[in-house]
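Quick one: this structure, given as structure tokens, is what I'll be asking you about.
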Amino acid sequence: QQQQQHSTTMQFSFNSDYPGVAPDGSPYETPSKLPMDFPPAQPLPCAKITTRVFHPKRNQVATVQNVLIRTDAAAAAAAANGSGDNVSWSSDDNSSSSSTSDASMADAGGGGGGPAAAAGGMVVDGVPQPLAAAPNSTTSAVDSEVRAYWIQRTVREAIYGRVVIAVVLRRRTPSGAANDNAEWEVTDNHCAVKEMSWQHIRKERDRLAEDPIKEVSAMQYLKRWHSLNRQQQQQQAQQQIRPDGGVLSEGVTESIRAVLETNIMMPLDLLSDDRHLYSVMPYCDGGELFERLDLNERFTEPEARYWMYQVLNGLENMQHAGITHRDMSLENLLVHESGALIIDMGMCLRIPLHEDVANLSTSFGNMNIVNGGVSNNLPGAANAANSTGRRRPRFLISPQGTCGKWIYMSPEIYKNQKPFDGFAVD
């Protein structure tokens, strides 16, 4: 009976894959490490401009303000038109572009000093992966359309700035723009732009638990991780096919598909000027999951099961990517098209992995997608060690401070005295 009672107690004290539990269920001392760094965030320079926009449904052209445009796109447009007369810089910006670079973002604390960053930055289920070179890590092969963002109104205030709704604009063809001198065209897509003040970031980020640089770095990392999985799936299927037989569209639609598939918010763009850092994300039309519960006072069992399935899917995907959120709450779950998305990555950490896993290099040809994760065609213990999900060798994380919301906080995070398992606290 004592053995049975001990076994039952341990079952509820630790997860079955907890790094500090022996195979027989007894706890033992295990070394802890600091979390790994995220690769530095890589924003593109941008400017907030006044420009001419064509509205296809109204068949009208209007001059509008507060359009976020990549400055490399503006320069290309000016070169194509022979001048920049169709674009005027708005008065609230002192400069048309930003000097922010990858190096300056790293100096601002974006990370990148960890072993995985040195080896290429991306780890999928414990296996370092090469990253394709690109001027901006948020712009991938499946996200190549040229976009701009027409800011509409403020949705809510944020710690470092505000969140605004914007209309996604599409670059028009040269023939269409030549007729009315309107370079951009209104689309049916909306997005959310988290506008964060560089001044506030430099002043506050060392004093607050929520780190905006870490947040955008984590979101870019997750997008790369998802793109890598998609590439592997496409290699197996040769191409992506829609149910109607066509190839899936690129850009905003593809980004929305990615967040609904993973139940994790991922970026459309990361932009920066001299005054602000702009994290551009798909717009969620359903508000917070907390608001739905607050309105109804309770969920029925089928409703709770429906939402919990999506939350667990999001957590599983984050764990496949080797990330702990540390601030899971109903307030950090947004609803879009009846799907729940995990947001607010400002307290995320990368899980420290055992060196034999972190240093393991595997080519694309040796990897397979298994149940939404990645496994290696490696024999014996190496293959078992790198199985999908949470069952891969990892270290506990040294105490990182108390963070999150009190009513959701795990005891380990609240006490902030002993090392904790990043997966377990979520």
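In terms of solvent-accessible area of protein heavy atoms at a 1.4 angstrom probe, what is the ranking of MET409, MET266, highest value first?
So the residues, ranked largest to smallest area, are MET409, MET266.
Counting only the heavy atoms of the protein chains, how much of ILE407 is accessible to a 1.4 Å probe, in Å² to the nearest 10?
That residue has around 140 Å² of solvent-accessible surface.
Run the quick spin-label model on LEU293 and VAL163: label points 7 Å from Cα toward the beta carbon, then report their separation in nm to one decimal.
1.7 nm
Now for a different question. Determine the alpha carbon to alpha carbon distance for each of LYS57/LYS214; LYS223/LYS415; LYS33/LYS405; LYS223/LYS418; LYS194/LYS418; LYS194/LYS405 and list only those over 30 Å.
Those over the limit are LYS57/LYS214; LYS223/LYS415; LYS223/LYS418; LYS194/LYS418.
With every protein chain left in place, what is the accessible area of ILE159 in Å² (1.4 Å probe, nearest 10)?
100 Å²
Determine the gain in length on full extension of the stretch GLU204-HIS354; use 0.36 nm per residue of separation and subtract their C-alpha separation, reporting nm with one decimal.
Gain on stretching GLU204 to HIS354: 50.7 nm.
Around PRO399, under 9 Å between beta carbons, what's the net of Lys plus Arg minus Asp minus Glu among the other residues? Don't skip to the answer; put the middle values down first.
Numbers: positive: LYS415, LYS418; negative: GLU412.
My count for the surroundings of PRO399 gives +1.
Ordering VAL146, VAL252 by how much accessible area each has at a 1.4 Å probe, largest first, what is the list?
Final ranking, largest accessible area leading: VAL146, VAL252.
Moving on to the next point. Using the C-alpha gyration tensor of the stretch 257-322, what are the square roots of 5 times its eigenvalues, in whole angstrom, with the largest one first?
Its equivalent ellipsoid spans semi-axes of 28, 17, 9 Å.
The values are calculated or read from the model by the stated rules, or taken from the named source; none is laboratory data. It should be emphasised that the depicted structure is a prediction, and the values quoted were computed from it without experimental measurement. Every residue, glycine as well, gets a Cβ built from its backbone with ideal geometry; the counts of neighbours run over all protein chains shown. These accessible areas exclude ligands, DNA and RNA; they are computed on the full protein's heavy atoms, side chains included. Shrake-Rupley method; radii C 1.70, N 1.55, O 1.52, S 1.80 Å.
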